[in-house]
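**Q** Quick one: this structure, given as structure tokens, is what I'll be asking you about.
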Amino acid sequence: YLEHLVERRQYQKAASFCPRLLKDNENLWENWVYFFAEKKQLTTIVPYIPVKEPRLSPRIYDLVLNHLIHTDPKLLLHYLHIWPQGIYTMQATITAVIDRLNQKVSDQSPD
């Protein structure tokens, strides 16, 4: 059913069905998160990504946070507040934020 929805580009609807259809299957969740990322729809599935049952690989949460660093800093802060710290790689997130800030500063400075 999810495949049917994404074939029709109904990403929001597909994302909303993930908790019911994927349940606690970690592998399915990770595959679908990567799929949404490939389709440039990662932000669509973020609200539905589980943080407890199942807990996904830290690389999934890192992927999401890194995406949000570049696309939606307000949403990044939201998920940093509500997600448990142990599910993502704190140092990788800090480094990515610093890199992004440095990039923004260098983009704004006159050469």
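**Q** Using a 1.4 Å probe, what is the accessible area per residue for the chain, in Å²?
**A** 65 Å²
**Q** Can you figure out the FRET efficiency of SER57 with LEU80, using R₀ = 22 Å and their beta-carbon distance, to the nearest 0.05?
**A** Approximately 0.75, to the nearest 0.05.
**Q** Another question, then. Just need the Rg to Rh number for the range 16-80, please, alpha carbons only, Kirkwood Rh.
**A** Rounded to two decimals, Rg/Rh equals 0.94.
**Q** Now for a separate question. Given 20 °C and 1.002 mPa s, compute D for the chain with the Stokes-Einstein relation, Rh being the Kirkwood radius over Cα pairs; round to the nearest whole µm²/s.
**A** Estimated via Stokes-Einstein, D reaches 144 µm²/s.
**Q** Expressed as a whole percentage, what fraction of the accessible surface of the chain belongs to carbon and sulfur atoms when a 1.4 Å probe is rolled over the protein heavy atoms?
**A** 51 percent
**Q** Treat each spin label as a single point 7 Å out from the Cα along the C-beta direction, and report the ASN102 to GLU3 distance in nm.
**A** Placing both labels 7 Å beyond Cα along the Cβ direction yields 4.4 nm.
**Q** GluC sites (Glu not before Pro), restricted to the range 15-78: which are DSSP loop and have at most 11 other Cβ atoms within 10 Å?
**A** Within the range 15-78, no GluC sites (Glu not before Pro) qualify (loop, at most 11 other Cβ atoms within 10 Å).
**Q** Work out which trypsin sites (Lys or Arg not before Pro) in the chain are exposed loop sites (DSSP not H, G, I, E or B, at most 15 other Cβ within 10 Å) and give the longest gap free of them.
**A** Formally, the longest exposed-site-free interval is 53-111.
The values are calculated or read from the model by the stated rules, or taken from the named source; none is laboratory data. Everything numeric here is computed off the predicted structure, so don't read it as measured data. Glycine also receives a Cβ, built like all others from the backbone with ideal geometry; neighbour counts cover every protein chain displayed. Remember, those area values only see protein heavy atoms, side chains included, never the ligands or the DNA or RNA. Shrake-Rupley method; radii C 1.70, N 1.55, O 1.52, S 1.80 Å.
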